[in-house]
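The values are calculated or read from the model by the stated rules, or taken from the named source; none is laboratory data. As the structure is a prediction and not an experimental result, all values here were calculated from the model. Every residue, glycine among them, receives a Cβ derived from its backbone with ideal geometry; neighbour counts consider all protein chains shown.
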Amino acid sequence: MSAPARHWVLRSKSERIALRLPVRALVALALLSLVLLVTCCVSLATGTYGVALNEVIDTLRGFSISRAIDNVVWEFRFPRTLAAALVGAMMALSGAALQNTTRNGLADPSLVGVSQGAALAVVSLTVVFPDVSGALRPWAAFAGAILVALAIQGLSHTRQGGSAIRFILMGIGLSTFISSITSALMTYGDIDRAMAALSWLAGSINAASWSDVWTLGTWCTVLLPALLAISRSSSATRMGEATAISLGVRTKLIRNLQLAIAVALAAIATSVVGPLGFVGLIAPHAARRIAPAGIGLNLLITAMVGAALVSLADLVGRAAFAPIQIPAGLLTALIGVPLFIVLMVRSRSTASH
Amino acid sequence: MSTIAAPNSGTHPVRAWSGVPVLLGVLVLAFLLHIAVGAKQLSIGTVIEALTNFDQTVFDHVIVRNLRLPRAVLAVIVGASLSLAGALMQGVTRNPLADPALLGLTAGAAFAVVIATSVLGLTSMIFIPWIAMLGALGAALVVYLIARLVPGGATPLSLTLSGAAISAFLSAVISVVHLLDQDTFENLRVWLTGGLAGRDITLLLYVGPPIALALIGGVLLAPRVTVLAMGDEVAQGLGVKTGALKVQLLAVVVVLTACSVALAGPLGFIGLVIPHVVRLYVGSDYRWIVPYAALAGAIYLLGVDTIARVAIPPREISTGIITAMIGAPLFVQLVRRRTR
């Protein structure tokens, strides 16, 4: 930023409360919402059963055009579209929180093994105990993810404190270990269940139903405010642990809380659609690039970017090779890896540790 | 840089030689055991008899010759190749975390084979090793170039990270290809997990000669790797043409990795684990590390494969899964020690 950003200053009459809002960030937020909205509408209209865009809008406004259109839009495509947006937002926030706690721009739930932990828990549920109800999935995913997160935390913390790069490499090592167990389950499970688990493992949103949307929505409404609440203190930890401590922040507590929320967000999103790679990596960087803002607004933009990204990935994956659906997770990986490499090449932290 | 000490540290030539017959003995034992153990338990005596004095009418002999011997041979070749490749890579990149799988070579080879078989429709076995070599070479170069671009150069950490990134990218593409072409998926699913079960031994006709050449080449180049491991300047000062040597070593590593992948699918961590274990015993002289790594790698893979076959009796665990289960903790330990 060469020129100082313009701000809108909102004051209440008595000047008790004043908000200083960066214009650029607000505009970006509005534009992103628009992009998300358009993507969602197009996504609702696209598919084997053609529905015109204006028909979609009418259906959404409550006018019933035909039973078939109602059915397609409300029962099949709407939950999927919503799930894509929610999952994207959750993964993006999880990545942002991970990047904050580890002070590591390369952190992403799928890179540090958190997604793999959740995936192992869910795959063992589907392959080994197929009779267990789907309601247990998010909990199992959370349990698996938190175990991996704790293991990585424990392993990467030494007397000198944690190192960002060690955290990532630990994650890679652990996630390889966990994926090997997952693939053991996949190879020797029943072929039908293995196929189901495979499409889930690639991060596919096509099976999302209304109950999934409710699961995601509920958790989102719980975890998002929590993340926003602790984000103020965590903005001090960004400047380094010593600075934060001298500013009176209980760094350890903040760190652990933030990590728990990051893990929870990733685990729940993973339990519904499978491990969506690299969204948590891309979104926070994109958000920072689009509009520099305070940490709260930044988190909102991050969530929006994530939602738009996964919605777009889902739409493209669905439309590009029409009868065959490419899972959104593969597309996000294809976009995310080059970005990861660019970030790595630019980073200074990789070399100095 | 704890693993890179001066050459010949504590390794007396006599002592170093003495390990060879021991390892060879263990190798023969592991080989026979690998053949003897299985759904039908055979005695070591029967195995030796079947190998030396084959009688087609004896059922046990047919089991040994047709079912178990190919797999044991495969384990020896793949284990030796991968750990020798890993040892050379660790020397050249001066990187204790180097391994054909971690640095993306295996993923590159697998990617090339998947693309060739499902997109280009090249199913003839003659091409597979060459395609795999191209893939491994391409991946190696890309990973190295990316790591070079990272500020600080090709450090172990940047190499490992860029290897992981490239592997992730390639496996995403492999998955997309799979979904677009479900028919090849059934065939490739087991292959891609890496293992020695049900492999086509006739592929060895095409893969054998390049592997043999590369193994010999690796052992011959090994003494100069010791010098290279001390740094490019030192090596140049001692009269080693580092550029040419690196090209030769890259060729050896690529051939070994690609042929192993063609034979057994992507098997991770063998090239990481074995050289480190070997180094504990023979010090840091690559003249010894390389041949020892080849022997120990063959023994290791025979052992792992035996476990894979008998661990949960009616079924079989994929070999690649077990090597990852053993190798990943060691990787974590190395990262811990390295970045402390």
**Request:** Examine segment A:70-93 for a residue that is surrounded by fewer than 24 Cβ atoms within 10 Å (Cβ to Cβ) and not in a helix (DSSP H, G or I), and state whether such a residue exists.
**Result:** no
**Item:** Where a residue in segment B:85-105 is farther than 18 Å from A:Leu169 by Cα and its partner, wherever it lies, is crowded, with 24+ Cβ neighbours inside 10 Å and of a type in the set (Phe, Trp, Tyr), with Cβ under 9 Å and at least six apart
**Value:** B:Gly86/B:Phe269; B:Ala87/B:Tyr286; B:Ala87/B:Tyr292; B:Leu88/B:Tyr286; B:Gly91/B:Tyr286
**Request:** Would you point out which residue out of B:Ala101, B:Ala72 is in a loop (DSSP other than H, G, I, E, B) and either modelled with pLDDT of 80 or more or of a type in the set (Val, Ile, Thr) (or both)?
**Result:** B:Ala101
**Request:** Kindly provide the set of residues from segment A:23-44 that are surrounded by fewer than 18 Cβ atoms within 10 Å (Cβ to Cβ) and either in a loop (DSSP other than H, G, I, E, B) or modelled with pLDDT under 80 (or both), ordered by number.
**Result:** A:Val23, A:Arg24
**Prompt:** Residues B:Leu280, B:Leu334: which one is assigned to a helix (DSSP H, G or I), surrounded by fewer than 24 Cβ atoms within 10 Å (Cβ to Cβ) and within 14 Å of chain A (Cβ to nearest Cβ)?
**Reply:** B:Leu334
**Prompt:** How do the pairs read when you match residues in segment A:332-352 that are within 13 Å of B:Leu157 (Cα to Cα) and within 7 Å of another protein chain (Cβ to nearest Cβ) with residues anywhere that are at pLDDT 75 or above and surrounded by fewer than 18 Cβ atoms within 10 Å (Cβ to Cβ), using Cβ under 7 Å and keeping only pairs 6 or more apart or on different chains?
**Reply:** A:Val345/B:Leu149; A:Arg348/B:Pro151; A:Ala351/B:Pro151
**Request:** Inspect all residues belonging to segment A:175-190 and state whether any of them is modelled with pLDDT of 70 or more, of a type in the set (Asp, Glu) and either over 22 Å from B:Gly320 (Cα atoms) or assigned to a loop (DSSP other than H, G, I, E, B) (or both).
**Result:** no
**Item:** Meets criteria (more than 10 Å from chain A (Cβ to nearest Cβ), within 18 Å of the chain's Cα centre (by Cα) and of a type in the set (A, V, I, L, M, F, W, C)) for B:Ile326
**Value:** no
**Asked** Just a yes or no: is a residue in segment B:26-35 of a type in the set (Val, Ile, Thr), at pLDDT below 80 and assigned to a helix (DSSP H, G or I)?
**Response** no
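Those residues that are surrounded by fewer than 24 Cβ atoms within 10 Å (Cβ to Cβ) and in contact (Cβ under 8 Å) with a residue 60 or more places away in the chain, I need them from segment A:107-128; list them, please. Explain how you work it out, then say what you get.
Residues of segment A:107-128 that are surrounded by fewer than 24 Cβ atoms within 10 Å (Cβ to Cβ), as a first pass: A:124-128.
Of everything in segment A:107-128, those that are surrounded by fewer than 24 Cβ atoms within 10 Å (Cβ to Cβ) and in contact (Cβ under 8 Å) with a residue 60 or more places away in the chain turn out to be A:Ser124, A:Thr126, A:Val127, A:Val128.
Inside segment B:144-186, can you point out the residues that are of a type in the set (Ser, Thr, Tyr) and either within 7 Å of another protein chain (Cβ to nearest Cβ) or part of a loop (DSSP other than H, G, I, E, B) (or both)?
First pass over segment B:144-186, keeping only residues of a type in the set (Ser, Thr, Tyr): B:144, B:155, B:158, B:160, B:162, B:167, B:171, B:175, B:184.
Passing the criteria: B:Thr155, B:Ser158, B:Thr160, B:Ser162, B:Ser175.
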**Residue tally, condition part of a loop (DSSP other than H, G, I, E, B), more than 21 Å from B:Thr242 (Cβ to Cβ) and among the small types (Gly, Ala, Ser), over segment B:75-98** = 0
**Request:** Please find, within segment B:283-318, the residue that is surrounded by the most Cβ atoms within 10 Å (Cβ to Cβ) out of those that are closer than 24 Å to B:Val92 by Cα, more than 17 Å from the chain's Cα centre (by Cα) and not hydroxyl-bearing (Ser, Thr, Tyr).
**Result:** B:Trp288
